[in-house]
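Below is one structure, written out as structure tokens; the observations come after it.
Any read-out appearing in this document is the output of simple, stated calculations on the displayed coordinates, not a laboratory observation. Just so it is clear, the model here is predicted, and its values are computed rather than measured. Neighbour counts are summed over all protein chains in view; Cβ atoms, including those assigned to glycine, are modelled from backbone coordinates with ideal geometry.
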Amino acid sequence: MAPRSRYQLIEIRNADDVPCFVGMQRDGESFVDIAWQCRALVDNALMRWLRSLPKRPKARVLLGAGAQLNWPTARALVVFCREQIARGAGSWPSPPDFALWSATNRGGREHRRAVCRVRGETVEKFTSVEAAARAIRTSRDDIDERIESGHPDKAGWTWWDT
């Protein structure tokens, strides 16, 4: 049996030293490096911002460098940090205008969450997380984990919100 994945809570700050992205990455991987490689192929707030930069930004590990974080803990911390940033900016429950993450939306029948996957120069788009999960015969939770952490799946695809 393979060891369970470890996660780290990360933040990316903009030129004004404001945390514009809080997310997670698997221990030993760099979410920023993975996103940087896909910046020209995906259209979301984070990728548009990355395209505007002259060089790859740095991410700071907030938690998980020394102590193991499992998926549920890391995800809960991402949600908590994003909420605290929004509260501090006065925009809660919506993300602040400088945030590079989308409003929380797990999808569903009335609120589809469009996603895409990227491998090399190939981009495949799906109308929802559920449609993507059906198409590749996996669970919604698997797709969510890939989107949140940037971790490629077994076939080398990285997953993104669009």
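Key figures for this structure:
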| item | result |
| --- | --- |
| 28 Å Cα-Cα reach of Lys154 towards lysines, excluding residues that sit fewer than 8 places from it in its own chain | Lys58, Lys125 |
| Total charge dipole magnitude, the chain, about the Cα centre, Cβ charges on Lys, Arg, Asp, Glu only, Debye to nearest 20 | 220 debye |
| Ranked by how many other beta carbons lie within 10 Å on average, peptides 27-37, 5-15 from highest | 5-15, 27-37 |
| Relative contact order, percent, the chain [alpha-carbon distance under 8 Å, six or more residues apart] | 24 percent |
| Karplus-derived HN-Hα couplings along the range 47-61 (A = 6.51, B = -1.76, C = 1.60, θ = phi - 60°), whole Hz, x at Gly and Pro | 5, 4, 5, 4, 5, 7, 8, x, 8, 4, x, 9, 10, 10, 7 |
| Karplus-derived HN-Hα couplings along the range 112-123 (A = 6.51, B = -1.76, C = 1.60, θ = phi - 60°), whole Hz, x at Gly and Pro | 5, 10, 5, 9, 9, 10, 10, 9, x, 9, 8, 10 |
| Highest to lowest packing among 68-76, 134-142, 84-92, scored as the average C-beta count within 10 Å | 68-76, 84-92, 134-142 |
| Two-decimal ratio, the range 7-161, of alpha-carbon radius of gyration to 2.2 N^0.38 Å | 1.00 |
| Interchain or long-range residues, amide H under 5 Å from Met24's placed H | Ile10 |
| R0 of 25 Å, Cβ-Cβ distance Glu83-Val123: FRET efficiency to nearest 0.05 | 0.25 |
| Full-extension gain in nm, Ala76 to Arg60, via 0.36 nm per residue minus C-alpha separation | 4.0 nm |
| At least 15 Å along the helix axis (C-alpha) and Kyte average at least -1.0, DSSP helices within the chain | 71-89 |
| Amide H partners (placed H, <5 Å) of Leu63, local residues excluded | Leu9 |
